[in-house]
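Inspection log for the structure reproduced underneath, given as structure tokens.
The values are calculated or read from the model by the stated rules, or taken from the named source; none is laboratory data. Just so it is clear, the model here is predicted, and its values are computed rather than measured. Glycine also receives a Cβ, built like all others from the backbone with ideal geometry; neighbour counts cover every protein chain displayed.
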Amino acid sequence: MDPYSPRPEDRFTFGLWTVGNPGRDPFGPRTRPVLSPESLVEGLARCGAWGVNLHDNDLVPFGSTAAERDRIVASFKQALAAHGLVVPMATTNLFSHPAFKDGAFTANDPEVRAFALAKTLDAIDLGVELGAKTYVFWGGREGVEAEACRDPREAVKRMREAVDFLCAYVVEQGYDLRFALEAKPNEPRGDIYLATTGHMLHFISTLEHEQMVGVNPEVAHETMAGLSFVHGVAQAMEAGKLFHIDLNAQRIGRYDQDLRFGSEDLKQAFCLVRLLEGTLGGERYSGPRHFDAHAYRTEDSDGVWDFAAGCMRTYKLLAARAEAFDADPEVRAIIEDQADSAIDPLLSNFTPAKAAQLRALDLDVDALGERALRYERLDQLMVEHLMGARE
Ligand code: GLT
Ligand code: MN
Ligand code: MN
């Protein structure tokens with residue numbers, strides 16, 4: 001058996017909107033056919049995915065009647081059961097309808113905010129009905145071009161009111177559901193509020209039901225901001241807040257590319273997988289490995305499945321490389337923890353005595369400055385592992 005083939009325990013998921021993306025962009029229409037949710041489920045199962053995620057309107061078209069909704073959901077459930085796929089995550093489309101042109105939860109018009117909340121209540125019910133355990137919030141149009149249109153502090157407050165309201169709904173309904181907030185710095189708005197995972201982590205600490213809210217960082221979004229995605233994810237993990245993750249690829253300075261996982265910046269992708277899989281030590285991320293990406297516009301439907309298979313295969317290839325890297329004695333020797341039983345206890349939990357002891361230490365700082373750290377060799381070792389020159 002090919003060790004890099006996807007298996008259910010890998011927990012690989014795709015959005016209906018990802019493999020269902022027909023290649024539209026702001027400059028041209030679709031380049032491949034629109035596939036039904038049922039055929040997307042079938043295709044995903046065939047290429048070895050474990051689950052499928054969705055926005056309310058990826059499945060139930062906007063404006064459907066209650067009867068239409070129930071019929072669509074029943075048929076989708078049948079396809080899920082027939083192909084053995086689960087729905088671990090769901091979300092709301094709060095950005096496509098023109099009513100959301102000025103945002104949803106942060107819009108100035110209270111009627112728009114009311115519609116956004118009501119739509120999300122329904123979409124939460126739909127997600128729970130399909131078995132989702134994580135509910136994502138991506139503030140697609142929660143932002144500005146004309147900065148003067150509102151006090152940005154008011155936008156943060158409105159966002160808090162909305163998330164608090166929806167958390168209370170989930171609690172009141174007794175749903176087994178957690179929220180994951182997804183940051184993005186810009187696009188489709190000039191500037192989007194709560195622009196990075198770091199902004200989100202602080203925002204979460206101000207919420208009424210803080211324990212049920214975490215983050216859903218996306219490779220492309222932190223990279224668009226020129227930030228280290230690995231550091232954002234690490235901070236979320238360290239805070240116990242990595243509830244979900246959007247994997248894809250992106251080059252700094254470009255539009256939101258949502259490319260096949262690992263297709264750009266392999267070193268960052270390697271370090272990310274190393275972190276998620278815990279090969280460097282520490283806790284392993286146990287949530288779904290979700291690919292929020294789509295095939296190049298040059299592809300037909302077959303190319304979409306090449307794309308999906310590529311995301312999963314690259315993830316597993318990188319996981320194997322990460323394991324080998326972290327087991328490499330030369331790597332270990334360079335990064336091994338340098339414990340110092342005399343100094344370590346002085347570095348945390350302040351007391352006046354510890355402060356005095358620190359000041360009294362006889363440290364040879366010039367020698368510290370001259371000590372070589374061998375990071376050149378370490379980084380080359382990473383490159384060698386990545387390129388298959390070292391097993
Ligand atoms: C949209 C966006 C993504 C979000 C999705 C969830 S929709 O494709 O670009 O980053 O994760 O709303
Ligand atoms: Mn995303
Ligand atoms: Mn994106």
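Specify the residue that is surrounded by the fewest Cβ atoms within 10 Å (Cβ to Cβ); the eligible residues are those in region 178-232 that are β-branched (Val, Ile, Thr) and more than 16 Å from ligand 3 (Cβ to nearest atom).
Applying the filter and picking the extreme gives Thr206.
Give the residue that is surrounded by the most Cβ atoms within 10 Å (Cβ to Cβ), with candidates limited to residues of region 238-271 that are aliphatic (A, V, I, L, M) and more than 15 Å from ligand 2 (Cβ to nearest atom).
Among them, the one singled out is Ala269.
Would you mind finding the one in Ala118, Ala123 that is touching a helix residue (DSSP H, G or I) at 6+ places or on another chain (Cβ under 7 Å) and outside any loop (DSSP other than H, G, I, E, B)?
None of the others qualify; the one that does is Ala123.
Exactly one condition in (1) within 21 Å of His199 (Cβ to Cβ); (2) at pLDDT 95 or above; (3) touching a helix residue (DSSP H, G or I) at 6+ places or on another chain (Cβ under 8 Å) is not met by Gly140; state its number.
For Gly140, the failing item is (2).
Starting from region 7-35, take each residue that is within 16 Å of ligand 2 (Cβ to nearest atom) and list its partners that are part of a strand (DSSP E or B), counting only C-beta distances under 6 angstrom and pairs at least six apart or across chains.
Cβ pairs passing all conditions: Phe12/Arg289; Thr13/Gly51; Thr13/Asn53; Thr13/His290; Phe14/Phe291; Gly15/Asn53; Leu16/Leu54.
Take region 272-297 and flag every residue that is surrounded by fewer than 21 Cβ atoms within 10 Å (Cβ to Cβ) and under 23 Å from Pro188 (Cα atoms).
Tyr296, Arg297
Going through region 82-97 one residue at a time, which ones are surrounded by fewer than 19 Cβ atoms within 10 Å (Cβ to Cβ) and closer than 29 Å to Arg189 by Cα?
Scanning region 82-97 gives Phe95, Ser96, His97.
Which residue is farthest from ligand 1 (Cβ to nearest atom), if the candidates are limited to region 58-99 and must be touching a residue at least 12 places away in the same chain (Cβ under 8 Å) and hydroxyl-bearing (Ser, Thr, Tyr)?
Checking each candidate, the answer is Ser75.
Could you check, for region 284-306, whether at least one of its residues is more than 16 Å from ligand 3 (Cβ to nearest atom), closer than 16 Å to Val52 by Cβ and in a helix (DSSP H, G or I)?
Looking for residues that are more than 16 Å from ligand 3 (Cβ to nearest atom), closer than 16 Å to Val52 by Cβ and in a helix (DSSP H, G or I), one finds at least one in region 284-306, hence yes.
So is Asp265 closer than 25 Å to Ile335 by Cα and not hydrophobic (A, V, I, L, M, F, W, C) or not?
The answer is yes for Asp265.
Exactly one condition in (1) under 18 Å from His290 (Cβ atoms); (2) out of contact with any His (no Cβ under 9 Å at 6 or more places or on another chain); (3) among the polar types (S, T, N, Q) is not met by Gln235; state its number.
Here Gln235 meets the rest and fails (1).
Could you list all residues from region 307-341 that are farther than 18 Å from Asp292 by Cβ, of a type in the set (A, V, I, L, M) and assigned to a helix (DSSP H, G or I)?
Leu317, Ala319, Ala320, Ala322, Ala324, Ala327, Val331, Ala333, Ile334, Ile335
Could you grab me the full set of residues in region 239-281 that are more than 16 Å from ligand 3 (Cβ to nearest atom), more than 20 Å from Glu9 (Cβ to Cβ) and among the small types (Gly, Ala, Ser)?
Once the filter is applied, which keeps residues that are more than 16 Å from ligand 3 (Cβ to nearest atom), more than 20 Å from Glu9 (Cβ to Cβ) and among the small types (Gly, Ala, Ser), region 239-281 yields Ala239, Gly240, Gly281.
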